[in-house]
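The values are calculated or read from the model by the stated rules, or taken from the named source; none is laboratory data. Source: prediction; values computed, not measured. FYI the Cβ positions are ideal-geometry reconstructions off the backbone, even for glycines, and counts take in every protein chain you see.
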Amino acid sequence: MRTVATGAETKSKKRTSSRVRRRHIQNAILLTPQLILFVSLTIIPLFIAIPFLFTNMSNFNDPQVDYIGLDNFTRLFTDPGIQADYWPALGRTVRFTVLNYAMVYAFGLTLALLMYEIGFKGGLFTVIYLPWMISGLALGFIALLLFSEATGSVNLLLKELGWIETPFKMKSEQGTTMILPVLVGWKAAGFNLAIFLAGLLSIPRETVEAAIVDGASYWQRLLYVYFPQMVPSFIIATIYALLGSFKIFDELVAMGGLYQNKAATFLSIVFFKYGFGQNKLALAMTLTVQTFLPLMLIAILLQQLQRRLTRYQN
C-alpha cells in the first residue's frame, strides 16, 4: 500500500511540476515582447548616451564633439543662468507632484473603495478607465477649453453659482499647479483604481467579516483592516505618481510651456529647451540624469519596501 501511495504522490508532483513549467513558459512568452521593447528603447539608448554626458555635444549632428570631463555635472551648481532656469522649474514640478499625489487618492482610492463595497462592475471600470487613453496633449487643450476666461464651461458655471468672482486663468501659477493636477488625476483615475482595487481584493474576507462582527465602524475598518494590508498598493501608486509627475510634458506643451507661459515651465520643459532649442544636448542629458538618479533611488527603496511587506504578509 505504501508503494502505491508513493507512486501516486510522485505522479501528482510530476503533474504539478509540469503545470508550473507551462505557466512559466506562458509568462515568459507574454513578457518577452515588452522586455524586448524596454531593452531596445530604454536600456540600450541609456548606455549609448552615457559617454555623451562628458562632452560638449550640441545636437545629434554635431560634427565637433570634445571631451569636457565633469563640466556638465558641475554647471548646475556653478552657472547662474542654469540655476535661474532649473531651480524655479524644480519648485513648480515639486508643487505639482504633491498635488498630483493627493489626486491619486482623491480619485483612485475613493473609486476603488466604492467599487469594492458595492461590488466589482466591469462596465463601470471601463468607463472610469477610458480617460487614461486620452493623450497628454489633448488633456492640455481640454484644460484650456474648460477654463478659458471668456468661454470656459467651468469658469462660467462657477461664476453662475457665485463661487468665484474672477475666472481661473489656466496659463498661470494657480492654474498650472492647482487645476492641472486635478485633471491629470481624473485622467489617471482608472489606472490608480486598478492598483488600489487589487490591494482591496487581496484582503482576506474573513478579516473584514470578523471586524464587522466585532462592531468596528467603517472608518475603523479602513484604518485598522483595509489600509494596513494595502500598504504595498500605496507604495506602487507612490512610485508611479512620483515618476509620472516629473515626466509630465505633453500637457505643458499644450499650455504654452515651450513659449510664452512661464508658469508651465517644469523640468521636462527646461530639458527640452536646452537640448533642442538652445543646442545644448549634452547639458540637457546631464541635467536629466542628475534629476533622474535621486528619483530612481527613491523608487528602488520603495520597491524593496513593497516586496518585503508583501513577503511578510504572505
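Pick from THR176, THR110, THR126: which is part of a helix (DSSP H, G or I), free of Cβ contacts under 8 Å to residues at least 12 places away in the same chain and within 20 Å of LEU242 (Cα to Cα)?
Working: THR176 fails: free of Cβ contacts under 8 Å to residues at least 12 places away in the same chain; THR126 fails: within 20 Å of LEU242 (Cα to Cα).
Criteria check complete, one pass: THR110.
Which condition number does ARG95 fail, the rest of (1) farther than 30 Å from GLY175 by Cα; (2) basic (Lys, Arg); (3) at pLDDT 90 or above being met?
Result: ARG95 fails condition (1) only.
Pick from GLU149, GLU117, GLU160: which is out of contact with any Ser or Thr (no Cβ under 9 Å at 6 or more places or on another chain) and over 13 Å from LEU197 (Cβ atoms)? Lay out the reasoning, then the answer.
Numbers: GLU149 fails: out of contact with any Ser or Thr (no Cβ under 9 Å at 6 or more places or on another chain); GLU117 fails: over 13 Å from LEU197 (Cβ atoms).
Criteria check complete, one pass: GLU160.
When only residues in region 153-173 that are part of a helix (DSSP H, G or I) and in contact with a Phe, Trp or Tyr (Cβ under 7 Å, 6 or more places away or on another chain) count, which is nearest to THR126 (Cα to Cα)?
We begin by selecting, within region 153-173, every residue part of a helix (DSSP H, G or I); these are 153-161, 173.
From the residues that got through so far, the ones that are in contact with a Phe, Trp or Tyr (Cβ under 7 Å, 6 or more places away or on another chain) too are 154-155.
On the way: VAL154: 25, ASN155: 29 Å.
Selected residue: VAL154.
Would you pick out the residues in region 214-264 that are modelled with pLDDT under 90 and among the acidic types (Asp, Glu)?
ASP214
When residues of region 55-86 are filtered for being assigned to a helix (DSSP H, G or I) and touching a residue at least 24 places away in the same chain (Cβ under 8 Å), how many remain? Steps first, answer last, please.
So the first thing to find is which residues in region 55-86 are assigned to a helix (DSSP H, G or I), and the list is 71-78, 80-86.
In the following step, the residues that additionally are touching a residue at least 24 places away in the same chain (Cβ under 8 Å) were identified as 72-73, 75-76, 82, 85-86.
Number of matching residues: 7.
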